[in-house]
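Participant: Quick one: the structure is below, and I'll ask about it shortly.
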Amino acid sequence: MRVRIARAVRVPIIGTGGVNNGRDAAEMVMAGATAVGVGSAVWYRGVGALGEIGAELEQFMQQEAYPTLEAMRGVAAS
């Protein structure tokens, strides 16, 4: 569903819901999100979860050879 929305609109998309780690955030971006919202992870793990998710996202990008978020954005929609 997310991929179809990213293809259908020309507005920024904020991916939310179920973002608990960097891979979840990466999947949102790969589906076309221009931003990722994190809520429950902060509620359950505290504000430190934001830094952890950011570090995990950076590690994922390095492992998968994505130099920037823009390079990764929407790859699942192509």
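Participant: Search region 1-24 for residues being open to solvent by 80 Å² or more (accessible area, probe 1.4 Å) and modelled with pLDDT of 90 or more, and hand back the single one that is farthest from Ala41 (Cα to Cα).
Facilitator: Going through the qualifying residues, I end up with Ile14.
Participant: Quick check on region 34-72: of everything there that is outside any loop (DSSP other than H, G, I, E, B) and among the acidic types (Asp, Glu), which residue is surrounded by the most Cβ atoms within 10 Å (Cβ to Cβ)? First the steps, then the outcome.
Facilitator: Just the residues of region 34-72 that are outside any loop (DSSP other than H, G, I, E, B), to begin with: 35-36, 40-45, 48-63, 69-72.
With among the acidic types (Asp, Glu) added as a condition, the list becomes 52, 56, 58, 70.
Working: Glu52: 15, Glu56: 17, Glu58: 13, Glu70: 10.
Only one residue tops the list, namely Glu56.
Participant: Here is a follow-up. State the number of residues belonging to region 25-56 that are at pLDDT below 90 and aromatic (Phe, Trp, Tyr).
Facilitator: Residues in region 25-56 being at pLDDT below 90 and aromatic (Phe, Trp, Tyr): 0 in total.
The values are calculated or read from the model by the stated rules, or taken from the named source; none is laboratory data. A quick note: this is a predicted structure, and the numbers were derived from the prediction, not measured. Positions of Cβ are generated from backbone atoms using ideal geometry, with glycine treated the same way; all protein chains shown enter the neighbour counts. Remember, those area values only see protein heavy atoms, side chains included, never the ligands or the DNA or RNA. Shrake-Rupley method; radii C 1.70, N 1.55, O 1.52, S 1.80 Å.
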